[in-house]
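The values are calculated or read from the model by the stated rules, or taken from the named source; none is laboratory data. Just so we're clear, the structure is a prediction, and the values are computed from it rather than from any experiment. As a convention, Cβ positions derive from the backbone with ideal geometry for all residues, glycine included, and neighbour counts pool all protein chains shown. Just the protein is used for accessible areas: all its heavy atoms, side chains included, with ligands, DNA and RNA removed. Shrake-Rupley method; radii C 1.70, N 1.55, O 1.52, S 1.80 Å.
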Amino acid sequence: MNRTLVIALGGNALGQTPEAQRAAVRAAAARIADLVQAGNRVVLTHGNGPQVGIIHLAFDLADAADPQIPTMPFPECTAMSQGYIGWHLQGALSDALRARGAACAVATVVTQVVVDPADPAFRHPSKPVGLFYPEAEAMRIAAAHGQAFIEDAGRGWRRVVPSPEPVDIVEAESIRTLVAAGSLVVACGGGGVPVCRNPETGSLAGMDAVIDKDKAAARLAMLVGADRLVILTTVPFAALDYRTPAQRWIPRMTVSEARRFCAEGHFAEGSMLPKVQAGIAFASSGAGRETVIAHLEDAGKAVSGAAGTRIVPDGAT
Ligand code: ADP
Ligand code: MG
């Protein structure tokens with residue numbers, strides 16, 4: 001089946017150290033190369049939560065030890081994580097494709113995602129990032145750098161950044177060109193580098209924010225005209241009544257059913273909810289579009305509809 005797939009890999013499945021990441025990426029690359037060998041076009045995106053946290057933290061610690069070393073703004077950290085994760089993916093995918101006799105060009109695009117400066121998320125920063133501080137120290141940094149902090153689950157005070165909605169992908173045309181030429185493209189890593197456009201000059205500036213990678217993946221899938229959005233994670237299905245005695249896996253839900261389950265609170269915010277919301281956005285964006293949420297190990301079966309949670313348009317058969 002010749003389909004265009006946008007595949008989203010969870011950042012939590014990529015490991016915490018460069019060595020762990022190289023091994024995790026090799027395993028993911030094997031599943032993705034199988035899909036390319038089967039005749040699918042693939043655009044790959046990935047999370048970066050643990051990785052961007054480590055990069056940000058490293059600069060914070062270096063700055064604390066030696067004030068001549070700067071702290072690193074979030075958009076810069078996201079761009080670094082896209083390059084570092086993309087480089088590992090390029091190597092592992094190229095090797096896995098060659099081993100299957102399916103070699104093709106593999107390229108990572110440092111991707112900027114436009115957000116709206118009027119997005120209410122900018123007034124309510126919600127995503128905790130970086131180091132834990134005692135309250136007094138957090139207040140000092142907050143005042144000195146104009147940053148927001150919250151108390152994070154009894155563990156200390158942490159910086160919070162906004163998590164705005166992705167509006168547009170700046171490099172969409174470049175990504176489409178590469179895909180049309182037969183390249184396997186890695187794009188929108190970590191949800192993309194959040195940017196706002198200056199209405200007078202048209203130039204783009206980085207924003208201190210983190211875009212949800214599942215929501216960015218849905219936009220990417222729409223902008224490349226994908227047939228399937230495939231969200232690969234660490235659970236085999238989305239579940240109703242997750243982690244209760246009544247838990248049951250969902251093999252298939254229509255967009256309307258998915259909206260109802262979201263409203264009923266079945267999916268945790270910050271983990272499964274954004275995946276289902278992304279799935280709804282993509283499956284309701286055009287005819288023939290479907291989303292599947294599945295375990296990385298089941299990627300092949302998920303694409304053929306035999307594993308994972310499918311989100312299908314209302315009225316689909
Ligand atoms: P990723 O790095 O792939 O984005 P996340 O940790 O953000 O992974 O999301 C996957 C997690 O969502 C699972 O490990 C699971 O614990 C959690 N989760 C929350 N609610 C549900 C649910 N209703 N069904 C299945 N998993 C759920
Ligand atoms: Mg996640």
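Summary table below
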quantity	calculated
Choice from ASP66, ASP214, ASP95 with maximal GNM fluctuation in the chain (Cα, 10 Å cutoff)	ASP66
GLU135-LEU240 pseudo-label distance in nm [points 7 Å out on the Cα-to-Cβ vector]	4.4
Among GLU19, GLU200, GLU173: highest mean-square fluctuation, GNM of the chain, C-alpha pairs under 10 Å	GLU200
For segment 57-70, 3J(HN,Hα) per residue [Karplus equation, 6.51 cos²θ - 1.76 cosθ + 1.60, θ = phi - 60°, Hz, x = Gly/Pro]	4, 4, 6, 4, 5, 5, 5, 5, 7, 8, x, 6, 8, x
Local electrostatic count at PRO162 - Lys and Arg +1, Asp and Glu -1, tallied over other residues with Cβ under 13 Å	-2
For the chain, size of Cβ-based charge dipole, Lys and Arg +1, Asp and Glu -1, in debye	1040
Amide proton proximity set for PHE149, modelled H, under 5 Å, gap of 5+	VAL160
For segment 120-225: relative contact order, % (alpha-carbon pairs under 8 angstrom, 6 or more apart)	26
Within segment 94-203, chymotrypsin sites (Phe, Trp or Tyr not before Pro) in DSSP loop having at most 15 other beta-carbon neighbours inside 10 Å	none
Sequence-distant residues sharing a close amide H with VAL312 (under 5 Å, placed H)	MET253, THR254, VAL255
With all protein chains modelled, accessible area of LYS213 [1.4 Å, Å²]	30
Relative contact order of the chain, defined on C-alpha pairs under 8 angstrom at six or more residues apart (%)	20
For VAL186, residues with placed amide H under 5 Å, excluding near neighbours	LEU44, ALA107, THR108, VAL109
Distance from segment 97-128 to segment 1-74 (C-alpha centre basis), Å	10
Spatially proximal aspartates and glutamates relative to LYS301 (Cα-Cα < 17 Å; intrachain offsets below 8 disregarded)	ASP34, ASP227, GLU290
Choice from THR254, THR233, THR244 with maximal GNM fluctuation in the chain (Cα, 10 Å cutoff)	THR244
Cleavage-rule hits (trypsin sites (Lys or Arg not before Pro)) in segment 221-295: DSSP loop, at most 15 neighbouring Cβ within 10 angstrom	ARG243
Residue-wise HN-Hα coupling along segment 91-97, computed from phi with Karplus coefficients 6.51, -1.76, 1.60 (Hz; x: Gly, Pro)	x, 5, 5, 4, 4, 5, 5
Heavy-atom accessible surface of segment 254-300: percent carbon and sulfur, 1.4 Å	48
Sites matching trypsin sites (Lys or Arg not before Pro) across segment 89-158 that sit in DSSP coil, with at most 12 neighbouring C-beta atoms within 10 Å	ARG155
Under the Karplus curve 6.51 cos²θ - 1.76 cosθ + 1.60, θ = phi - 60°, whole-Hz ³J(HN,Hα) for segment 209-219, x wherever Gly or Pro sits	7, 9, 8, 4, 5, 5, 5, 5, 4, 5, 5
